[in-house]
Amino acid sequence: MKLQHSFWYEAAGEAFRRVRERDPTCVMGYWGEAMSLLVNPFTVTSAANLRQGRALLAEARRIGTKSEREAGLIDALSELYGNEDPAMHRARVVRYEQAMERLHARFPDDSEIAIQYALSLTVAASPTDKTYAKQLKAAEILEREALRQPQHPGVAHYLIHTYDTPALAQRGLPAAERYAGLAADAPHALHMPSHIFTRVGRWEESIETNRRSAETARARKSTFDEIHALDYLVYGYLQTGQPEAARRVLAELPRFADWNAPVPLFAWALTVMPARYALERSAWEEAASLELDSRRTAPLVAANTRFARAVGAARSGRPEAATADLEALKTAAAALRSADPYWADQTEILHLAAEGWTAFARGRREEGLALLRDAAEREGRTDKHPVTPGPLMPAREQLGEMLLLMDQPADALREFEAVQKTEPRRFRAVHGAARAAELAGAQDVARRYYEQLLEIAPRADAGLPETERARVFLVKR
């Protein structure tokens with residue numbers, strides 16, 4: 001269970017298989033192996049794994065449980081293996097949470113059941129629920145267990161997931177600072193603190209945790225864990241003004257060309273990293289020239305490249321070149337609507353923002369502004385998925401940039417400052433705020449943000465335009 005609590009699925013699954021081999025009547029060995037086949041409870045499980053897990057749980061029932069507790073755990077987990085329809089994933093998650101709630105009520109003093117119930121609450125939490133009711137309920141359980149079992153890896157791990165939202169992130173720092181040391185051999189454990197470090201803008205610590213995680217994952221041939229860590233690593237480098245370090249990470253991506261992702265979402269990072277690298281650097285021609293990966297065709301995965309190409313074309317003055325990608329984004333959002341409403345919404349946000357830049361480039365500036373404002377409002381009603389360190393390009397940040405281009409620096413400043421409430425210490429947002437304040441004549445505010453930019457990026461690449469501008473401003477003032 002220590003391996004499972006750190007989402008080290010391959011090792012956990014093998015350990016549970018050994019339990020079954022030594023004692024074929026131990027039904028919890030079957031339960032544990034089925035649990036490991038989820039791969040990640042925050043993502044859709046592959047049909048093959050669902051079939052395998054369902055067979056394991058059926059065999060456990062055939063053998064027969066020895067207690068009400070065992071029967072309850074097997075029955076609850078079976079809710080996650082009810083069918084193979086990806087569109088029913090959300091319904092399965094909710095049924096599992098409800099089953100774990102009943103089991104927790106039946107065994108209120110059982111710490112492992114309590115911890116699993118807390119995780120089920122966090123997994124089932126809606127990204128649009130800004131009351132964070134389920135997360136807070138989970139946190140109450142986990143914080144209580146943390147006092148009883150401060151070295152329990154699952155408690156620290158699940159607290160990080162529970163607090164992985166802007167409004168709660170500060171509460172997750174103790175767990176983030178504690179967790180990596182509790183399961184130092186697990187690639188995911190090394191990575192997880194960066195979920196909180198990213199939320200609060202502690203970039204150097206995020207970089208270090210993901211560097212170690214990626215190295216460990218590569219040594220242990222844990223491909224998804226390595227890719228996931230590299231995604232966060234690229235993000236950290238870009239937020240500290242180190243695009244050259246980010247480029248070196250991207251140079252590693254051809255190693256994964258033949259990797260078959262068990263579910264489409266696991267390939268998300270492989271398309272988001274090149275897109276983010278171009279967009280964060282304002283390399284519009286580069287973004288427009290990104291090639292679609294013929295092996296990564298799932299709508300939510302291809303959308304990253306489509307968005308970057310459309311925005312790149314529009315912002316490099318060729319809006320007509322964005323047409324095909326805009327249509328593809330629209331089609332992708334529609335295709336996802338019935339099966340995965342969350343990713344349908346995320347893709348529609350990308351579509352609206354790209355349409356906004358295209359309208360702007362065609363001279364329809366007010367239309368472009370309205371589209372970007374719509375995208376920003378929609379993005380504000382939801383939250384990012386745990387698979388990614390943040391939006392590909394925050395819509396409100398793009399809104400601020402468009403307002404700057406329309407010579408409305410005071411309005412732009414408000415948008416850039418709003419970004420920092422959910423994405424604190426983001427390099428582009430801080431620089432945007434500094435530039436907007438400077439153009440609006442708010443020199444003291446500009447100074448504060450330029451100073452913050454240099455503090456965020458102490459090891460920025462030489463000659464980076466944003467940090468050079470900050471130094472020039474601060475010398476003059």
* Listed residues Ala310, Ala335, Ala269, Ala261; which is under 30 Å from Leu405 (Cα atoms) and not hydroxyl-bearing (Ser, Thr, Tyr)? -> Ala310
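From the set of residues in the stretch 401-426 that are among the polar types (S, T, N, Q) and in a helix (DSSP H, G or I), which is farthest from Gln239 (Cα to Cα)? Reasoning before the result, please.
Let us first name the residues in the stretch 401-426 that are among the polar types (S, T, N, Q), namely 408, 420, 422.
Next cut, in a helix (DSSP H, G or I) only: 420, 422.
Working: Gln420: 13, Thr422: 15 Å.
Taking the candidates together, the pick is Thr422.
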* Structure fact -> Scanning the stretch 113-126 residue by residue, those at pLDDT 95 or above and within 22 Å of Asp164 (Cβ to Cβ) turn out to be Ala114, Ile115, Gln116, Tyr117, Ala118, Leu119, Ser120, Leu121, Thr122, Val123, Ala124, Ala125
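So that you can scan it fast, the table gives a plain yes or no per residue for (1) touching an Asp or Glu at 6+ places or on another chain (Cβ under 6 Å); (2) of a type in the set (Gly, Ala, Ser); (3) surrounded by 15 or more Cβ atoms within 10 Å (Cβ to Cβ):
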position: Ala71; (1), (2), (3): no, yes, yes
position: Ala76; (1), (2), (3): no, yes, yes
position: Tyr81; (1), (2), (3): no, no, yes
position: Arg95; (1), (2), (3): yes, no, yes
position: Asp109; (1), (2), (3): no, no, no
* Structure fact -> When Phe197 is run through (1) buried (at least 22 other Cβ atoms within 10 Å of the Cβ); (2) more than 17 Å from the chain's Cα centre (by Cα); (3) not polar (S, T, N, Q), the failure sits at (2)
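Taking into account only those residues within the stretch 253-292 that are of a type in the set (Asp, Glu) and surrounded by 16 or more Cβ atoms within 10 Å (Cβ to Cβ), which is nearest to Asp325 (Cα to Cα)?
The selected residue is Glu286.
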* Search the stretch 140-159 for residues being among the hydrophobic types (A, V, I, L, M, F, W, C) and surrounded by 24 or more Cβ atoms within 10 Å (Cβ to Cβ), and hand back the single one that is farthest from the chain's Cα centre (by Cα). => Leu142
* **Filtered residue count, the stretch 442-477, keeping only those that are part of a loop (DSSP other than H, G, I, E, B) and farther than 19 Å from Ala418 by Cα** => 9
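Against the definition (under 27 Å from Met192 (Cα atoms), in contact with a Leu (Cβ under 6 Å, 6 or more places away or on another chain), surrounded by fewer than 19 Cβ atoms within 10 Å (Cβ to Cβ) and among the hydrophobic types (A, V, I, L, M, F, W, C)), how does Ala47 come out, yes or no? I'd like the intermediate steps shown before the answer.
Working: under 27 Å from Met192 (Cα atoms): yes; in contact with a Leu (Cβ under 6 Å, 6 or more places away or on another chain): no; surrounded by fewer than 19 Cβ atoms within 10 Å (Cβ to Cβ): yes; among the hydrophobic types (A, V, I, L, M, F, W, C): yes.
So Ala47 does not fit the description; no.
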* Structure fact -> Considering the stretch 5-39, residues that are of a type in the set (S, T, N, Q) and free of Cβ contacts under 8 Å to residues at least 60 places away in the same chain, and then whichever is surrounded by the most Cβ atoms within 10 Å (Cβ to Cβ), we arrive at Ser36
* To do: Say whether the condition of being in contact (Cβ under 8 Å) with a residue 40 or more places away in the chain, within 27 Å of Asn260 (Cβ to Cβ) and in a helix (DSSP H, G or I) is met by at least one residue in the stretch 50-63.
  => no
* Answer yes or no: is there a residue in the stretch 327-346 that is touching a residue at least 40 places away in the same chain (Cβ under 8 Å) and under 14 Å from Leu392 (Cβ atoms). => yes
* **Residue check for Ala261: assigned to a loop (DSSP other than H, G, I, E, B), of a type in the set (A, V, I, L, M, F, W, C) and over 16 Å from Trp357 (Cα atoms)** => yes
* State the number of residues belonging to the stretch 308-334 that are assigned to a helix (DSSP H, G or I) and crowded, with 16+ Cβ neighbours inside 10 Å. => 18
* Asked: Hey, among Glu455, Glu397, Glu468, Glu377, which residue is within 30 Å of Thr43 (Cβ to Cβ) and free of Cβ contacts under 8 Å to residues at least 12 places away in the same chain?
  -> Glu377
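Against the definition (more than 30 Å from Arg425 (Cβ to Cβ) and crowded, with 16+ Cβ neighbours inside 10 Å), how does Ala376 come out, yes or no?
Numbers: more than 30 Å from Arg425 (Cβ to Cβ): no; crowded, with 16+ Cβ neighbours inside 10 Å: yes.
Against the criterion (more than 30 Å from Arg425 (Cβ to Cβ) and crowded, with 16+ Cβ neighbours inside 10 Å), Ala376 does not qualify.
Counting only residues that are assigned to a loop (DSSP other than H, G, I, E, B) and not acidic (Asp, Glu), how many does the stretch 90-126 have? Explain how you work it out, then say what you get.
Of the stretch 90-126, the ones assigned to a loop (DSSP other than H, G, I, E, B) are 107-110, 125-126.
Now restrict to residues that are not acidic (Asp, Glu): 107-108, 125-126.
Residues that pass the stated criteria total 4.
Against the definition (surrounded by 24 or more Cβ atoms within 10 Å (Cβ to Cβ) and of a type in the set (D, E, K, R)), how does Arg296 come out, yes or no? Before the answer, list the steps.
Details: surrounded by 24 or more Cβ atoms within 10 Å (Cβ to Cβ): no; of a type in the set (D, E, K, R): yes.
No; evaluated as a whole, the condition is false for this residue.
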* To do: Sort through Gln452, Gln443, Gln398, Gln408 and tell me the only one that's buried (at least 20 other Cβ atoms within 10 Å of the Cβ) and of a type in the set (S, T, N, Q).
  => Gln398
* Asked: Among the helices (runs of 4 or more DSSP H) confined wholly to the stretch 127-244, which include 3 or more residues that are modelled with pLDDT of 95 or more, among the hydroxyl-bearing types (Ser, Thr, Tyr) and not assigned by the TED database to the domain that holds Pro341?
  -> 203-219, 223-239
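The values are calculated or read from the model by the stated rules, or taken from the named source; none is laboratory data. In this text the structure is predicted, and so the values were computed from the model without any measurement. Heads up, the Cβs are rebuilt from the backbone with ideal geometry, glycines too, and the neighbour counts pull from every protein chain shown.
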